[in-house]
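The values are calculated or read from the model by the stated rules, or taken from the named source; none is laboratory data. Remember, it's a predicted structure, so these values are computed and weren't measured experimentally. Positions of Cβ are backbone-derived with ideal geometry, glycine not excepted, and every protein chain shown enters the neighbour counts. To get the accessible areas, we keep the full protein, side chains included, count just its heavy atoms, and leave off ligands, DNA and RNA. Shrake-Rupley method; radii C 1.70, N 1.55, O 1.52, S 1.80 Å.
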2 protein chains.
Amino acid sequence: MTDAKTAAALIIGNELLSGKIQEGNLAFLARMLRSLGIRLRRVVMTLDDIDDIASDVVTLSQSFDWLFTSGGVGPTHDDVTIDAVAKAFQVPVISDPSMETLLRSFYKERCTDAHLRMARIPKGATLETTPEMTWPTVRLHNTWLLPGVPEIFRMKLPVIIDKLGKYPAFVSRAVYTKMDEGDLKPLLDAIVAAYPDIDVGSYPKWFDSSYKTKLTFDGQDQTRVVAARDAFVTLLPAGEPQRLD
Amino acid sequence: MTDAKTAAALIIGNELLSGKIQEGNLAFLARMLRSLGIRLRRVVMTLDDIDDIASDVVTLSQSFDWLFTSGGVGPTHDDVTIDAVAKAFQVPVISDPSMETLLRSFYKERCTDAHLRMARIPKGATLETTPEMTWPTVRLHNTWLLPGVPEIFRMKLPVIIDKLGKYPAFVSRAVYTKMDEGDLKPLLDAIVAAYPDIDVGSYPKWFDSSYKTKLTFDGQDQTRVVAARDAFVTLLPAGEPQRLD
């Protein structure tokens, strides 16, 4: 384990917990954070409930360097994330004049009070943009408010990358074997003891004829990651590994 | 909202938070619970860390009727769920004689100490089986310990269904429109006010030419669900809805 910057995600929406929609934003966020050298340590999925969300925002924003919320930022009754984040940080919700202008110019004569609800932000929030992504992303302190709609969620990621700064990216290497975890355990224990800075994972695969267990070696120092993987390979019996990544 | 039985899930594994593996068990669990009339209210994803997992098990098992953990039940160094659950419930870990017998008969002369680690269970846990699924699933009080490997996770679900009891299943109906959420909001507010027992959701879809927003109506009383959906349809302007489910 490294002392990398840490992050948490709060994924909001009844539709995810009911199993009606397969969550699709988390893997994109996780991979972006890895490439930035930030460790995603915790994810919470919760219902569209203002008190539950506010409580999670308090805990997660205090426990990690960054918090990313997904969902609940539209204009309808089930969109309560803005209010919940404001409640968590004990600030009022205001209507931002620049967002109102944007919404009026986007919806033109069709603009209603409901559309203008999307100008509501927690007081003190900043509206983050890049030259390529001019529609603002709301951030309050260390908490980024992202939309749940996957296509829009992914469009916002470059804005975050632009603002977060970059640390050494996490590097991953893998070894595939036909051994089972019981036989691999003593070999893995030796590597875990010798490379405490490397995160070693073991993933059995069922119903795959090409391998039985995938071993992964992760860290922010590529030389150490490769050394841990290669040291593990030297411990394997004849005929192994099946392949390396 | 109904006063249905509630559940939480604790999804364990570094590989999920790193984005290397797309989580695949949650949607199956969520759909199973809906069919049993149990409401999944919260999901937490956490790393392979014994203290983090134990802390989550304490909180989630106390806050909900059922808790399901996924992952961390194999024999390697990163499998710490058994120890974490034992710690959460303040019981020791023991080696279960019947599990030892099962493991010895499965691995035969290849059986090692590492394989026998999979006989370890929290003291007081029960080993749940069905006639079709004789490999035991570990349960301690209201907490079910499920494996992370998706193929095995899914095999375990019938055991849970058999033991959990059945309440009225959740029913869902949907309406697809080409209206945007801003225009739909006042109509939705009217339905939410008139049908407080129905969970109304609004999901915009981008880049789809057949509709713009999907509205969902969920509950455990089918008559009320259909009534809420039909009441909503009567509020729509001419040319809507695009379709009903």
Next on the checklist: Here is a check on your reading of the model: is A:Pro186 closer than 22 Å to B:Ser18 by Cα and open to solvent by 10 Å² or more (accessible area, probe 1.4 Å)?
Outcome noted: no
Next on the checklist: Given the condition under 18 Å from the mean Cα position of the chain (by Cα), under 21 Å from B:Leu215 (Cα atoms) and at pLDDT 95 or above, answer yes or no: does some residue in segment A:4-11 qualify?
Outcome noted: yes
Checklist entry - Name the residues in segment A:16-43 that are within 8 Å of another protein chain (Cβ to nearest Cβ), within 27 Å of B:Gly37 (Cα to Cα) and surrounded by fewer than 22 Cβ atoms within 10 Å (Cβ to Cβ), would you? => result A:Gly19, A:Lys20, A:Ile21, A:Gln22
Checklist entry - Is it true that B:Val73 is away from every other protein chain (no Cβ under 14 Å) and among the β-branched types (Val, Ile, Thr)? => result no
Item to check | Single residue of segment B:51-67 satisfying the filter (touching a helix residue (DSSP H, G or I) at 6+ places or on another chain (Cβ under 6 Å) and crowded, with 18+ Cβ neighbours inside 10 Å) that is farthest from B:Ala9 (Cα to Cα) | outcome: B:Ala54
Checklist entry - Quick check: anything in segment B:216-228 hydroxyl-bearing (Ser, Thr, Tyr), in contact with a Leu (Cβ under 8 Å, 6 or more places away or on another chain) and under 22 Å from B:Arg34 (Cβ atoms)? => result no
Next on the checklist: Tell me whether segment A:217-225 contains one or more residues that are among the acidic types (Asp, Glu), more than 13 Å from chain B (Cβ to nearest Cβ) and touching a residue at least 24 places away in the same chain (Cβ under 8 Å).
Outcome noted: yes
Item to check | Residue check for B:Ala119: under 30 Å from A:Leu187 (Cβ atoms) and without any contact (Cβ under 8 Å) to a residue 40 or more places away in the chain | outcome: yes
Next on the checklist: Against the condition open to solvent by 70 Å² or more (accessible area, probe 1.4 Å), in a helix (DSSP H, G or I), farther than 24 Å from B:Lys163 by Cα and modelled with pLDDT of 95 or more, how does B:Arg104 come out, does it pass?
Outcome noted: yes
Next on the checklist: Please count how many residues of segment B:125-179 are of a type in the set (Lys, Arg) and surrounded by fewer than 19 Cβ atoms within 10 Å (Cβ to Cβ).
Outcome noted: 4
Checklist entry - Does B:Leu184 count as touching a His at 6+ places or on another chain (Cβ under 7 Å) and of a type outside the set (Asp, Glu)? => result no
Checklist entry - Exactly one of (1) closer than 17 Å to A:Leu17 by Cβ; (2) open to solvent by 10 Å² or more (accessible area, probe 1.4 Å) is unmet by A:Thr46. Its number? => result (2)
Checklist outcome for this item: Scanning segment A:15-43 for residues that are free of Cβ contacts under 8 Å to residues at least 60 places away in the same chain, over 23 Å from B:Phe170 (Cα atoms) and outside any helix (DSSP H, G or I) gives A:Leu40, A:Arg41, A:Arg42, A:Val43
Checklist outcome for this item: Scanning segment A:209-229 for residues that are open to solvent by less than 60 Å² (accessible area, probe 1.4 Å) and among the basic types (Lys, Arg) gives A:Lys214, A:Arg229
Next on the checklist: For segment A:193-208, check the following and say yes or no: at least one residue is β-branched (Val, Ile, Thr), more than 19 Å from A:Met99 (Cβ to Cβ), surrounded by 19 or more Cβ atoms within 10 Å (Cβ to Cβ) and more than 25 Å from the chain's Cα centre (by Cα).
Outcome noted: no
Checklist outcome for this item: When every residue in segment A:126-139 that is touching a helix residue (DSSP H, G or I) at 6+ places or on another chain (Cβ under 6 Å) and not hydroxyl-bearing (Ser, Thr, Tyr) is compared, the one farthest from the other protein chains (Cβ to nearest Cβ) is A:Glu128
Checklist outcome for this item: Sole miss for A:Val91 among (1) part of a loop (DSSP other than H, G, I, E, B); (2) within 13 Å of chain B (Cβ to nearest Cβ) is condition (2)
